[in-house]
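Visitor: Mind looking over this structure? Questions follow.
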Amino acid sequence: MAKLSYTKKKNGRYARIQLKVGGKLELVNIGYSTTKKQEARDSKLLELVSSLEVTKAAGLKLDFEQKKLLEILREKDPAFVERLVRKGLLVQTQTNVTVGQLFDFYKDNHLGVLKARTCRNYRQAQAVFEKFVGTETLISRISIGDMRDFISFCKKDRDEKGGPKPVCEDSTIGNYLKRTRSAFAYAVEKEWITENPIQYDASKFKIVKSNSKKKKQEQLLTEETLSHLLSQSHDFEFGLLLNLVRWTGCRIAEALILRWDDLDFSEDDPTISLREKDTQESGVNRDEMPTRVMPMWEKLRPMLEKARSLAASDEVYVFNNILKLRDKPEFEVVDATGAVLRRGRYETNANSRITKAIRRAGLIVWPQAWHGIRDYRINELGRLGYREAEISAWCGNSEATRKLHYNATAVTAEDRRKAAGVRSEAAGVSMVYEKSAETELERIVQEMAQSGEGRELLEVIQKALIQADSGELEIAEKYTRRDSNPQPSVPKTDALSS
């Protein structure tokens, strides 16, 4: 049993605690004790050390109260705690781990359990919180108050005039909090801290498309702008990629790993099989990846047949000559630490390529360019009357997920024209252009005029183009048929019309 002893020294009484660790007698110095306050300190330390001695002898773990007292003592007298560690009474714990170390521990210990890419994404999100609270801050010092201050920090900043301005969308903040909370939960499991300080209402930080992005996408991504983009002169493979995403509604990553073996050109049941990377497993075994089978849409088949005729007989992948794909493995190759050795096809970022194509077409870039086209196609299939079961089987995701993440093009100009009773072939076009694309717009308007609209209308449109001084121009004209007995045409309703 631990005992408190005092020794007379030149400067006064000196306090020590005598105890046994592993059958060996040990002395732990406290320090000079010449006042009643210091004597009270000695008694409290004796009580704590006696408790730790019993726990050590029984081979038990420290209980909640012992951990709490040690955390307080570490702040007030870290040297005494270190003496206990050196004497073997305490096994070195990680209560002194820093925020930066915690996040690194979490990443390193989850490699192989989670995908390396997922671990890196978690670490990148956690780095934002780390920067706010400080890399060297002890995890035991992080409080719920720090978490709330972090949310406030993300929600507002100061502009040049000193006024508040929003910085992060709620969904982005939710991503930071979710991934930071998981690391602190790991620290709780390791018993480095007693409770998780990252506590928040997840319902307030749902990952959804922001209203501003949704509104902008509804305005910019229309049937006309999408058709105009596809009609431009593109490198053949890139044009095929655009059309593949446009008609299948697949994810860009799924398109980039498409193999010729995934295509069935049979006459009775032509199909395209898309491999979806499993979010629960590593996903590197292609044979175990979830597969969706969809029709080989009539609009797409001629382009795929041409691509097949141009490809070498031993070619494996459909896409090879764009985005430096030919020399890339299907998935990225990483080392034991999760560092990328070779970037894979599935992880290739194609955003800059499509952004340049949209701008060259004279259009304003809509949010999430590739995702927007997938969004458009999924909603288009719904308008064409396909069942939810069919859309789920062909495009992936549940109906609930589509309503949450794929609703930015749910209502189109065509829908509004039908509601207003306007004939679709007489509704003109609705596209949003960059200023620099006025000559391209003039060409399109001239082509419209050649379909029987007359020179007067062309002059009006050209005049409007010259006078336009804004970054956006919308042309929407109702044309009157010149025949004496006009008959409204019946728009196509098959699955291939857009």
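Rundown of residues vs (1) farther than 21 Å from Y6 by Cα; (2) aliphatic (A, V, I, L, M); (3) assigned by TED's automatic domain parsing to the domain that holds S140, yes/no style:
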{"residue": "E65", "(1), (2), (3)": "yes, no, no"}
{"residue": "L70", "(1), (2), (3)": "yes, yes, no"}
{"residue": "F105", "(1), (2), (3)": "yes, no, yes"}
{"residue": "V113", "(1), (2), (3)": "yes, yes, yes"}
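Visitor: Restricting to the range 171-217, what's the tally of residues that are over 17 Å from the mean Cα position of the chain (by Cα) and either aromatic (F, W, Y) or within 19 Å of D146 (Cα to Cα) (or both)?
Guide: Of the residues in the range 171-217, 17 are over 17 Å from the mean Cα position of the chain (by Cα) and either aromatic (F, W, Y) or within 19 Å of D146 (Cα to Cα) (or both).
Visitor: Please state which of the following conditions R374 fails to meet, knowing it meets all the rest: (1) within 26 Å of W297 (Cα to Cα); (2) out of contact with any Cys (no Cβ under 8 Å at 6 or more places or on another chain).
Guide: Only one criterion is unmet by R374, namely (2).
Visitor: If you don't mind, there's one more thing I want to ask. Within the range 269-285, track down each residue that is under 25 Å from L240 (Cα atoms) and modelled with pLDDT under 75.
Guide: K277
Visitor: Could I ask something else about it? Can you confirm whether D415 is out of contact with any strand residue (DSSP E or B) (no Cβ under 7 Å at 6 or more places or on another chain), surrounded by fewer than 19 Cβ atoms within 10 Å (Cβ to Cβ), at pLDDT below 85 and of a type outside the set (K, R)?
Guide: Details: out of contact with any strand residue (DSSP E or B) (no Cβ under 7 Å at 6 or more places or on another chain): yes; surrounded by fewer than 19 Cβ atoms within 10 Å (Cβ to Cβ): yes; at pLDDT below 85: yes; of a type outside the set (K, R): yes.
Yes.
Visitor: Considering only the range 5-19, I want to know if a residue exists there that is assigned to a loop (DSSP other than H, G, I, E, B) and touching a residue at least 60 places away in the same chain (Cβ under 8 Å). Please lay out each step first, then the result.
Guide: Taking the range 5-19 first, the residues assigned to a loop (DSSP other than H, G, I, E, B) are 10-11.
Among the residues that remain, those that are also touching a residue at least 60 places away in the same chain (Cβ under 8 Å) are: none.
Looking through the range 5-19, none of the residues is assigned to a loop (DSSP other than H, G, I, E, B) and touching a residue at least 60 places away in the same chain (Cβ under 8 Å).
Visitor: How many residues are in contact (Cβ under 8 Å) with a residue 40 or more places away in the chain, surrounded by fewer than 20 Cβ atoms within 10 Å (Cβ to Cβ) and not in a helix (DSSP H, G or I) when one looks only at the range 111-137?
Guide: Counting residues in the range 111-137 that are in contact (Cβ under 8 Å) with a residue 40 or more places away in the chain, surrounded by fewer than 20 Cβ atoms within 10 Å (Cβ to Cβ) and not in a helix (DSSP H, G or I) gives 1.
Visitor: Answer yes or no: is there a residue in the range 201-217 that is of a type in the set (S, T, Y) and touching a Leu at 6+ places or on another chain (Cβ under 7 Å).
Guide: Keep residues of the range 201-217 that are of a type in the set (S, T, Y), which gives 203, 210, 212.
Now narrow it down to the ones that are touching a Leu at 6+ places or on another chain (Cβ under 7 Å): none.
Among the residues of the range 201-217, not one is of a type in the set (S, T, Y) and touching a Leu at 6+ places or on another chain (Cβ under 7 Å), which makes the answer no.
Visitor: Would you confirm, using the coordinates I've provided, whether K356 is modelled with pLDDT under 90 and either at negative phi or in the same structural domain as L241 (by TED's automatic domain parsing) (or both)?
Guide: No.
Visitor: Any residue in the range 238-261 that is among the β-branched types (V, I, T) and part of a loop (DSSP other than H, G, I, E, B)?
Guide: Scanning the range 238-261 turns up at least one residue that is among the β-branched types (V, I, T) and part of a loop (DSSP other than H, G, I, E, B).
Visitor: Continuing with this model, one more query. Select from the range 218-237 the residues that are more than 27 Å from the chain's Cα centre (by Cα) and outside any helix (DSSP H, G or I) and list them in ascending order.
Guide: Selection gives Q232, S233, H234, D235.
Visitor: Can I ask one more? Restricting to the range 291-306, and then to whatever is assigned to a loop (DSSP other than H, G, I, E, B) and in contact (Cβ under 8 Å) with a residue 60 or more places away in the chain, can you tell me which residue is surrounded by the fewest Cβ atoms within 10 Å (Cβ to Cβ)?
Guide: In the first step, residues of the range 291-306 are kept if they are assigned to a loop (DSSP other than H, G, I, E, B); the result is 296-300.
From what is left, the residues that are in contact (Cβ under 8 Å) with a residue 60 or more places away in the chain are 297-299.
Details: W297: 20, E298: 12, K299: 15.
Once the filter is applied, the top-ranked residue is E298.
Visitor: Something else: Being in contact with an Asp or Glu (Cβ under 8 Å, 6 or more places away or on another chain) and either at pLDDT 90 or above or over 17 Å from M1 (Cα atoms) (or both) is the filter here, so list the residues in the range 40-61 that pass it. Lay out the reasoning, then the answer.
Guide: Just the residues of the range 40-61 that are in contact with an Asp or Glu (Cβ under 8 Å, 6 or more places away or on another chain), to begin with: 55, 61.
Across the range 40-61, the qualifying residue is only K61.
Okay, residues lined up against (1) modelled with pLDDT of 95 or more; (2) crowded, with 17+ Cβ neighbours inside 10 Å:
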{"site": "F205", "(1), (2)": "no, yes"}
{"site": "V208", "(1), (2)": "no, no"}
{"site": "S231", "(1), (2)": "yes, no"}
{"site": "L258", "(1), (2)": "yes, yes"}
{"site": "L263", "(1), (2)": "yes, yes"}
{"site": "E267", "(1), (2)": "no, no"}
{"site": "D287", "(1), (2)": "no, no"}
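Visitor: Between residues in the range 314-332 that are at negative phi and residues that are surrounded by 12 or more Cβ atoms within 10 Å (Cβ to Cβ) and hydroxyl-bearing (S, T, Y), which pairs lie under 8 Å by C-beta distance while being six or more apart or on different chains?
Guide: Listed pairs, sorted by first residue: L325/Y317; L325/T348; K328/T348; E330/Y346; F331/Y346; E332/Y346.
Visitor: Considering (1) more than 32 Å from the chain's Cα centre (by Cα); (2) surrounded by 15 or more Cβ atoms within 10 Å (Cβ to Cβ), say which one S309 fails and leave the rest.
Guide: So the condition that S309 fails would be (2).
Visitor: Look at L89 and say whether it is assigned to a loop (DSSP other than H, G, I, E, B), in contact with a strand residue (DSSP E or B) (Cβ under 8 Å, 6 or more places away or on another chain) and surrounded by 18 or more Cβ atoms within 10 Å (Cβ to Cβ).
Guide: Numbers: assigned to a loop (DSSP other than H, G, I, E, B): yes; in contact with a strand residue (DSSP E or B) (Cβ under 8 Å, 6 or more places away or on another chain): yes; surrounded by 18 or more Cβ atoms within 10 Å (Cβ to Cβ): yes.
So L89 passes the test.
Visitor: I would also like to ask the following. Could you list all residues from the range 354-398 that are surrounded by fewer than 20 Cβ atoms within 10 Å (Cβ to Cβ), of a type in the set (D, E, K, R) and in a helix (DSSP H, G or I)?
Guide: If the condition is that a residue be surrounded by fewer than 20 Cβ atoms within 10 Å (Cβ to Cβ), of a type in the set (D, E, K, R) and in a helix (DSSP H, G or I), then K356, R359, R360, R383, E388, E390 are the ones that fit.
Visitor: Keeping to the range 249-270, report how many residues are hydroxyl-bearing (S, T, Y) and touching a residue at least 60 places away in the same chain (Cβ under 8 Å).
Guide: So the answer is 0.
The values are calculated or read from the model by the stated rules, or taken from the named source; none is laboratory data. Quick caveat, the model's predicted, so the values are computed rather than measured. Because the Cβ atoms are built from the backbone with ideal geometry, glycine has one as well, and the counts that use them run over all protein chains shown.
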